[in-house]
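Notes for the one structure printed next.
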Amino acid sequence: MMMNSKQAVPLFRLFKLKITADQRANFLAAGRQNLLTSLANEPGTLAMYATHADELGVENDVVEVYRDAPSYDIHANSPQFAAFKAIAKQAVVQQEVVNLTPVLLLEQPQPLRISTNAEQVVWLLEVSVKPGKAAAYRQVIMRTMQAVLATEPGTLTLKIGHEATDSQKWVIFAVFQDAAAEQAHGQSAAGKQYQTDSQTLVAQTRSTRLFGDTLVQRGGLVFKG
């Protein structure tokens, strides 16, 4: 599924949701149903990843990609989202939505439908770029990351963008098949080149190891903004 900047730019969002521990099971089940049904029934819903960062599962990060705004509207009016929203109204005590401008969205060709806390390794990197260095950092991303999935079969997805209102704040979201694949990426030429080339451009990186609850993607997405 090749996309380019001449087509509609995909909607790329990060949700940070804090929930109450006693609603965790309900929230997890409703989220799983929402994600799996949406991928099956909505062609414009391209990828959705529900994860948590802490042992209790109250700190949740959700990443979503839709083909365009009309595709999101279809999802937002779906029965499975309505059911999830009803549970979320009881469970979620704090919410932050980060709208992202996609720069590089890559997936392996095969679909992904994982609804267990399996062996996949998920990372969220929130990168603050030094003032005036956003364009240079973008060049580093494009130079080092475009070929990652082709050379690293264990890297299942790589989704990179910056905040829609602040090009100095970037998000890198990656799912690896397992710990060995994660380690292979870190030792790869691309991984090492990124570290070298970005070192003088980045002010701060916050790296969060996430644990997958439900991870779904249509597969084969290639978007270069």
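The values are calculated or read from the model by the stated rules, or taken from the named source; none is laboratory data. Given the structure is predicted, the values throughout are model-derived calculations rather than measurements. Neighbour counts are summed over all protein chains in view; Cβ atoms, including those assigned to glycine, are modelled from backbone coordinates with ideal geometry. In case anyone asks, the SASA skips ligands and DNA or RNA and just uses the protein heavy atoms, side chains included. Shrake-Rupley method; radii C 1.70, N 1.55, O 1.52, S 1.80 Å.
Which of the aspartates and glutamates could a cross-linker bridge to Lys133, judged by Cα under 20 Å and excluding same-chain residues fewer than eight apart? Within the straight-line cut-off, Lys133 pairs with Glu163, Asp166, Asp197.
Rounded to the nearest whole Å³, what is the per residue volume of the convex hull around the Cα atoms of region 31-86? Intermediate results must be reported in sequence, preceding the final value.
Working: hull volume 4.3 nm³, N = 56.
So the per-residue hull volume is 78 Å³.
In whole percent, how big is the carbon plus sulfur part of the accessible area of region 32-191, probe 1.4 Å, protein atoms only?
Working: 3840 of 7180 Å².
Answer for region 32-191: carbon and sulfur cover 53 percent of the accessible area.
For the chain, what does the relative contact order come out to in percent, with C-alpha contacts under 8 Å and a separation of six or more? RCO, the chain: 32 percent.
With the helix formula -39500 (n - 2.57) applied to DSSP H stretches of n ≥ 4, the chain reaches a computed 222 nm mean residue ellipticity of -10000 deg cm²/dmol.
Entry comment: accessible area of region 103-225 is 45 Å² per residue, from protein heavy atoms only and a probe of 1.4 Å. Filter the cross-link list Lys16/Lys89; Lys169/Lys224; Lys18/Lys85; Lys89/Lys169; Lys16/Lys159 down to pairs whose alpha-carbon distance in this structure exceeds 20 Å. Correct reply: Lys89/Lys169. Given the choices [x] 8, 33, 34, 19, 5, 0; [y] 9, 38, 39, 13, 1; [z] 8, 35, 38, 17, 2, P(r) over Cα pairs in 10 Å bins from 0, in percent derived from the coordinates of this structure is entry [z]. Taken along the Cα-to-beta-carbon direction at a fixed 7 Å, the label points for Asp22 and Gln146 span 5.4 nm.
Note on Leu56 and Asp68: the model spin-label points, each 7 Å out from Cα along the C-beta direction, lie 4.4 nm apart. Dipole magnitude for region 5-87: about 180 debye, using +1 per Lys or Arg Cβ and -1 per Asp or Glu Cβ, origin at the Cα centre.
Between 0 and 90 degrees, the angle of helix 79-91 with respect to the longest Cα principal axis of the chain falls at about 90 degrees. Looking at the chain, the DSSP beta bridges with both ends there are about 95 percent antiparallel.
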